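Input: a single structure, listed below in structure tokens.
The values are calculated or read from the model by the stated rules, or taken from the named source; none is laboratory data. Because the structure is a prediction, the values reported are computed rather than measured. Positions of Cβ are generated from backbone atoms using ideal geometry, with glycine treated the same way; all protein chains shown enter the neighbour counts. Ligands, DNA and RNA are excluded from the accessible area calculation, which covers all protein heavy atoms including side chains. Shrake-Rupley method; radii C 1.70, N 1.55, O 1.52, S 1.80 Å.
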Amino acid sequence: MDITIKKVKYLPELRRVAELADEIWHECFTDIISLGQIDYMVERFQYLDAMIRQIEEQSYTYLSVYDGGDLCGYIAVKPEQDDRFFLSKLYLRVDKRGQGIARLMLERVFEEARKHGKSSVYLTVNKHNDRAIAVYKRTGFTVTDSVVTDIGGGYVMDDYIFTYVL
Ligand SMILES: CC(C)(COP(=O)(O)OP(=O)(O)OC[C@H]1O[C@@H](n2cnc3c(N)ncnc32)[C@H](O)[C@@H]1OP(=O)(O)O)[C@@H](O)C(=O)NCCC(=O)NCCS
């Protein structure tokens, strides 16, 4: 294993991250939400133009995860106006799970948050996403709230909010 995590700076790499996002979302959420909702959420949040808007207008940073030369995961983060850092996305292709890469990804998130002078990292996770919930708990995140968000199209996100105090 030869893991590199780096900021996505150029459009061709962001395009490849969008393709990977499409693949991972259609694999990992099939037991949790409907195919219609997956398609809707990918289009709304993970199409290339949506990701460009997040970076240009909402201060998001995308980080790509490589094993050797293989793009196998990605992270999206955003500093809030207050002392919190938002972990918006943490995704690893299925064949790379269970190998400790998530811990490296989360350490990088904490490092970015500290660089921004933040005191905590928070995220939202679907209440039925058992694996991700187990990973966050194992890493030291705790549930601080739960929230149902109307995302349009007749869909809602039914999430826990997890927080990690730096
Ligand atoms: C979330 C995700 C990035 C985590 O990566 P992963 O490779 O599955 O995580 P790991 O197997 O490295 O597990 C990380 C830690 O959690 C622990 N863990 C994993 N599954 C666990 C479980 N079911 N119960 C208890 N602990 C568990 C691991 O033992 C590990 O702890 P350690 O480092 O002390 O050994 C990955 O599962 C993923 O991409 N899932 C699909 C997308 C997704 O749901 N993203 C999150 C959206 S909010």
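Miscellaneous remarks
- Checking the stated criteria, V109 turns out to be outside any strand (DSSP E or B) and of a type in the set (V, I, T).
- Restricting the first member to the range 74-100 and to residues that are part of a loop (DSSP other than H, G, I, E, B), and the second to residues that are aliphatic (A, V, I, L, M), the beta-carbon pairs closer than 7 Å and six or more apart or on different chains are R93/L20; R93/I24; Q99/M1.
- Set side by side, the residues L104, L87 differ, and just one is near the ligand (Cβ under 10 Å from one of its atoms) and open to solvent by less than 40 Å² (accessible area, probe 1.4 Å), which is L87.
- Residues located in the range 110-126, provided they are buried (at least 16 other Cβ atoms within 10 Å of the Cβ) and within 13 Å of the ligand (Cβ to nearest atom): V121, Y122, L123, T124, V125
- Residue-level check: of (1) farther than 17 Å from I101 by Cβ; (2) in a helix (DSSP H, G or I), E23 misses just (1).
- Any chance K7 is free of Cβ contacts under 8 Å to residues at least 60 places away in the same chain and out of contact with any helix residue (DSSP H, G or I) (no Cβ under 8 Å at 6 or more places or on another chain): yes
- Filtered by the rule that a residue be among the acidic types (D, E) and either outside any helix (DSSP H, G or I) or at positive phi (or both), the range 1-20 gives a lone residue, D2.
- Taken together, the criteria place Q99 among residues that are within 15 Å of the ligand (Cβ to nearest atom), surrounded by 13 or more Cβ atoms within 10 Å (Cβ to Cβ), of a type in the set (S, T, N, Q) and modelled with pLDDT of 95 or more.
- For the range 130-155, the set of residues classified as modelled with pLDDT of 95 or more, in a loop (DSSP other than H, G, I, E, B) and open to solvent by 20 Å² or more (accessible area, probe 1.4 Å) consists of G140 only.
- Just one of the listed residues (Q37, Q46, Q81, Q54) is among the polar types (S, T, N, Q), away from the ligand (no atom under 15 Å from the Cβ), at negative phi and surrounded by 17 or more Cβ atoms within 10 Å (Cβ to Cβ), and it is Q54.
- Failed criterion for E57 (all others in (1) more than 27 Å from V156 (Cβ to Cβ); (2) over 17 Å from the mean Cα position of the chain (by Cα) hold): (1)
- Screening Y160 with (1) surrounded by fewer than 16 Cβ atoms within 10 Å (Cβ to Cβ); (2) outside any helix (DSSP H, G or I) gives one miss only, at (1).
- Of the residues making up the range 112-138, those that are within 15 Å of the chain's Cα centre (by Cα) and under 26 Å from T30 (Cα atoms) are Y122, L123, T124, V125, N126, N129, R131, A132, I133, V135, Y136.
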